[in-house]
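Every read-out reported here was derived from the displayed coordinates using simple, explicitly stated rules and does not represent laboratory data. Computed from a prediction, not measured in an experiment: that's the story for all the values here. A quick note on method: Cβ atoms are made from the backbone with ideal geometry, for glycine too, and the neighbour counts reach across all protein chains shown.
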Amino acid sequence: GASKPAASIHQQAYWNTWGNFKDGHYDLRLEADQAAAFGAQILVIDEGWETTEGSGVLNHQRFPQFAADLQYIRSMGLALGFWLAAGWVTDPGAAELTPEDLLLGIDKRPRRASWNMAVDSVGTAHYCLDPSSRRTRQFLRHRTIRMMRELNPQVDRKSTRLNSSHAN
């Protein structure tokens, strides 16, 4: 049969902050200016905006003028999206999660992974969430609701291994 046309949100150009963020440059107004010059309709604020990955809590030290920056971005006519790791967290304790809320190996230890998906990676490895855990599901639900209320994104991009490309 005939293929369905892509939803209008998928036909819009977006600018992703990953390129500058990974190099330690966190100027959201510059990102907005670059996005507008590129002709993007959506600015996706990527990994680096949170206190720890997966927390959904703004890093106020890195972005002391965050509310004003978001207002500037929106004043340029750009829609906002936020990158968010859905399957792992860096600090389970801050999320009030226990080892019972994490994926465990046969040795009963919490499993950790990183972008290369190597199990028990060293360095920047994150604890893998167990979706069968009631507390994990509550954490994900409350985090998402809070982010939607506080940040009012027009786009909410959830990260998975299959959808983790970063483009600028």
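Odds and ends about this structure:
- Shape analysis of segment 13-79 yields a ratio of the Cα radius of gyration to the Kirkwood radius, Rg/Rh, of 0.94.
- Cβ-based charge dipole, segment 20-91, positive-most Cα from V44, W88, S75: S75
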